[in-house]
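Novice: First the structure, then my questions, so here it is.
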Amino acid sequence: MFEQIPRCVDEVILVDGDSRDATLRMAVQCLPGVRRVPQQGPGKGSALRTGFAAATGEYVVMIDADGSMSPGEIPHFLHFLDHGYDFVKARGTWPGADRSTSPTSVRSATGPCWPSSTSSTTPG
């Protein structure tokens with residue numbers, strides 16, 4: 001996944017929650033400039049807050065390392081943000097995504113509803 005991050009991305013922050021998988025090692029190997037930030041507190045909410053607080057860019061894109069979103073979508077999101085949208089949300093499933101570790105069936109059941117109602121806000 002890290003090798004798919006487009007050139008338009010200026011900063012990559014990896015929130016390290018002491019996971020024992022190869023995410024950190026792979027990130028450093030693929031992106032030597034990745035910035036590791038230790039997670040402050042337990043849970044995904046804490047990981048998000050930690051990453052948002054560490055970010056320095058104009059826009060913040062949150063991607064899980066599980067491959068549920070393609071980093072190749074980032075320029076598409078930036079297009080809408082550059083044209084007046086306040087918020088753009090990925091659908092959470094893209095063709096070929098690995099959903100084998102997806103949290104719950106509720107997410108799978110509600111996922112198709114989200115694009116039409118919350119994928120983006122109107123500019124204004």
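Novice: Condition test on SER100, is it part of a loop (DSSP other than H, G, I, E, B) and either modelled with pLDDT under 80 or over 12 Å from the mean Cα position of the chain (by Cα) (or both)?
Specialist: Against the criterion (part of a loop (DSSP other than H, G, I, E, B) and either modelled with pLDDT under 80 or over 12 Å from the mean Cα position of the chain (by Cα) (or both)), SER100 qualifies.
Novice: Would you check which residues across the stretch 34-56 are more than 21 Å from HIS76 (Cα to Cα) and assigned to a helix (DSSP H, G or I) and list them?
Specialist: LYS44, GLY45, SER46, ALA47, LEU48, ARG49, THR50, GLY51, ALA53, ALA54
Novice: Where residues in the stretch 26-58 are hydroxyl-bearing (Ser, Thr, Tyr) and surrounded by 14 or more Cβ atoms within 10 Å (Cβ to Cβ), which of them is farthest from ILE13 (Cα to Cα)?
Specialist: SER46
Novice: Follow-up. Since CYS113 meets every condition but one in (1) in contact with a strand residue (DSSP E or B) (Cβ under 6 Å, 6 or more places away or on another chain); (2) modelled with pLDDT under 85, which condition does it not meet?
Specialist: Among (1) in contact with a strand residue (DSSP E or B) (Cβ under 6 Å, 6 or more places away or on another chain); (2) modelled with pLDDT under 85, CYS113 violates only (1).
Novice: Anything in the stretch 60-74 that is of a type in the set (Val, Ile, Thr) and under 14 Å from PHE2 (Cβ atoms)? List them, or say none.
Specialist: VAL61, ILE63, ILE74
Novice: Would you mind telling me which numbered condition in (1) of a type in the set (A, V, I, L, M); (2) part of a loop (DSSP other than H, G, I, E, B); (3) in contact (Cβ under 8 Å) with a residue 60 or more places away in the chain MET62 fails?
Specialist: Every condition holds for MET62 apart from (3).
Residue by residue, here is whether (1) among the charged types (D, E, K, R); (2) in contact with a strand residue (DSSP E or B) (Cβ under 9 Å, 6 or more places away or on another chain) holds:
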residue	(1), (2)
ASP10	yes, no
LEU24	no, yes
GLN29	no, no
ARG35	yes, yes
GLY45	no, no
ALA54	no, yes
GLU58	yes, no
LEU78	no, yes
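Novice: Hey, another quick one. Go through the stretch 26-35 and report how many residues are without any contact (Cβ under 8 Å) to a residue 24 or more places away in the chain and within 18 Å of the chain's Cα centre (by Cα).
Specialist: Of the residues in that region, 2 qualify.
Novice: Hey, among the residues in the stretch 11-33 that are in contact with an Asp or Glu (Cβ under 9 Å, 6 or more places away or on another chain) and assigned to a loop (DSSP other than H, G, I, E, B), which one's nearest to SER70 (Cα to Cα)?
Specialist: LEU31
The values are calculated or read from the model by the stated rules, or taken from the named source; none is laboratory data. Small disclaimer: the values here were computed from a predicted structure and weren't measured. FYI the Cβ positions are ideal-geometry reconstructions off the backbone, even for glycines, and counts take in every protein chain you see.
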